[in-house]
Amino acid sequence: MLRQLLASAVLLSLSSLGLAHEFQAGDLKIDHPWARELPPTSPTSAAFFVLHNHGNQEDRLIAVSTPVAGKAELHTHVHMGEVMRMQKVDSVSVPAHGSSEFVPGGNHVMLFDLKQPLKAGDSYPMTLEFEKAGKVEVKVNVEAAPAGHEHQGH
Ligand SMILES: [Cu+2]
């Protein structure tokens, strides 16, 4: 019984380590890049993360690329009457001492022409390019379900 408890405690701590991953570019922190697992037939996907800016100057995310997709675009959602529509944007601001969230239903990185199915448990590299902080490569984790509470409270 004790052994089982210990084993599950180890598993728990391993899985929470796996969930919390972050990357740094200058004053910017890129928190937990992830994408949702989709059916293998889906030609598109989206990537999400939270950008934290610990600096005194605004920065902007201006471009994204990844080897798993033919094309990656910055998207946001806008209200078009009753419905929410995706719209391409040229850049996304990360305010000084602020943050910018990329979440389902909001800003996201749209991936077109996927070259391989994205399966839960996989990860893939993605390069974010910022106006001031420059380029940084992050690792995007593919997750089976939309991530929940662990994304809040940072
Ligand atoms: Cu989109």
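The values are calculated or read from the model by the stated rules, or taken from the named source; none is laboratory data. Nothing here was measured: the structure is a model prediction, and the numbers come from that model. No Cβ is skipped: glycine too gets one built from the backbone with ideal geometry, and neighbour counts run over all protein chains shown.
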Task: Hits in region 38-54 (condition: away from the ligand (no atom under 16 Å from the Cβ) and at pLDDT below 90) - done: P39, P40, T41
TODO: Collect the residues in region 60-79 that are within 14 Å of the chain's Cα centre (by Cα) and closer than 15 Å to G105 by Cα, keeping them in residue-number order.
DONE: L74, H75, T76
Task: Leading residue by the ranking (farthest from the ligand (Cβ to nearest atom)) among those in region 56-77 that are touching a residue at least 60 places away in the same chain (Cβ under 8 Å) and either in contact with a Cys (Cβ under 9 Å, 6 or more places away or on another chain) or over 13 Å from T127 (Cβ atoms) (or both) - done: Q57
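Residues checked against (1) among the β-branched types (V, I, T); (2) in contact with a His (Cβ under 8 Å, 6 or more places away or on another chain); (3) surrounded by 14 or more Cβ atoms within 10 Å (Cβ to Cβ); (4) under 16 Å from V136 (Cβ atoms):
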{"residue": "L28", "(1), (2), (3), (4)": "no, yes, yes, yes"}
{"residue": "R36", "(1), (2), (3), (4)": "no, no, yes, no"}
{"residue": "S45", "(1), (2), (3), (4)": "no, no, yes, no"}
{"residue": "L61", "(1), (2), (3), (4)": "no, no, yes, yes"}
{"residue": "E82", "(1), (2), (3), (4)": "no, no, no, no"}
{"residue": "V109", "(1), (2), (3), (4)": "yes, yes, yes, yes"}
TODO: Taking L114 as the residue in question, decide whether it is hydrophobic (A, V, I, L, M, F, W, C), modelled with pLDDT under 95 and either surrounded by fewer than 11 Cβ atoms within 10 Å (Cβ to Cβ) or more than 16 Å from the ligand (Cβ to nearest atom) (or both).
DONE: no
